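**Q** Before anything else, here's the structure in question.
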Amino acid sequence: DALKDSVQRSHDEQLQGMLAAHPHPQALWTHVHTGTDVTSEPGVVRIGTAVQTPDDPLEVPVNAPPEDLEPVSAMSLREVALRYATIEAPVSVELASFHCIV
């Protein structure tokens, strides 16, 4: 459970950081009255969300052959590794890197 909590915390921190820099379009109005700068870099815009590799991916060391592992623990570890292998987060692009935007 400690591993799962640690990985979940890391995912949450990454997602919150990305959402702070590139909030959902429906949430932009909440930043108007507060004067909060929603983007950390001028010319960088959010284009949507996508499944991405986390900044701190979970690496599962294999120290023994699969047949020597305790089945319940191995299945639990595999489930955690698969669940946290990706994160759905905002995707942004730097507009200056394009010559023409249609």
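**Q** State which residue pairs qualify: first residue modelled with pLDDT of 75 or more and inside region 53-64, second residue in a loop (DSSP other than H, G, I, E, B) and of a type in the set (S, T, N, Q) in any location, beta carbons under 7 Å apart, and separation of 6 or more residues or different chains.
**A** Correct list of pairs: Thr53/Thr86.
**Q** Working only within region 78-102, note down all residues that are in contact (Cβ under 8 Å) with a residue 24 or more places away in the chain and under 20 Å from the mean Cα position of the chain (by Cα).
**A** If the condition is that a residue be in contact (Cβ under 8 Å) with a residue 24 or more places away in the chain and under 20 Å from the mean Cα position of the chain (by Cα), then Val80, Tyr84, Ala85, Thr86, Ile87, Glu88, Ala89, Pro90, Val91, Ser92, Val93, Glu94 are the ones that fit.
**Q** Identify, from the list Val38, Val44, the residue that is surrounded by 13 or more Cβ atoms within 10 Å (Cβ to Cβ) and modelled with pLDDT under 80.
**A** Step by step, each of Val38, Val44 is checked, and only Val38 is surrounded by 13 or more Cβ atoms within 10 Å (Cβ to Cβ) and modelled with pLDDT under 80.
**Q** Another question, if that's okay. Would you mind stating whether Ala85 is part of a loop (DSSP other than H, G, I, E, B) and either in contact with a Pro (Cβ under 7 Å, 6 or more places away or on another chain) or surrounded by 11 or more Cβ atoms within 10 Å (Cβ to Cβ) (or both)?
**A** When the stated conditions are applied, Ala85 passes them.
**Q** Only one of these is surrounded by 13 or more Cβ atoms within 10 Å (Cβ to Cβ), farther than 21 Å from Arg9 by Cα and either at pLDDT 85 or above or charged (D, E, K, R) (or both): Val93, Val80, Val72. Name it.
**A** Checking each option against the conditions leaves just Val93.
**Q** Looking only at region 49-69, which residues are of a type outside the set (Val, Ile, Thr), within 18 Å of the chain's Cα centre (by Cα) and surrounded by fewer than 11 Cβ atoms within 10 Å (Cβ to Cβ)?
**A** Correct list: Glu59 only.
**Q** Go through (1) loosely packed, with under 10 Cβ neighbours inside 10 Å; (2) of a type in the set (A, V, I, L, M); (3) under 30 Å from Leu3 (Cα atoms) one by one and return the number of the condition Val102 breaks.
**A** Condition (3) is where Val102 drops out.
**Q** Please verify whether region 5-20 includes one or more residues that are free of Cβ contacts under 8 Å to residues at least 40 places away in the same chain, surrounded by 11 or more Cβ atoms within 10 Å (Cβ to Cβ) and not in a helix (DSSP H, G or I).
**A** Checked against the condition, which is being free of Cβ contacts under 8 Å to residues at least 40 places away in the same chain, surrounded by 11 or more Cβ atoms within 10 Å (Cβ to Cβ) and not in a helix (DSSP H, G or I), region 5-20 yields no hits at all.
The values are calculated or read from the model by the stated rules, or taken from the named source; none is laboratory data. It should be emphasised that the depicted structure is a prediction, and the values quoted were computed from it without experimental measurement. Neighbour counts run over all protein chains shown; Cβ positions are idealised from the backbone, glycine included.
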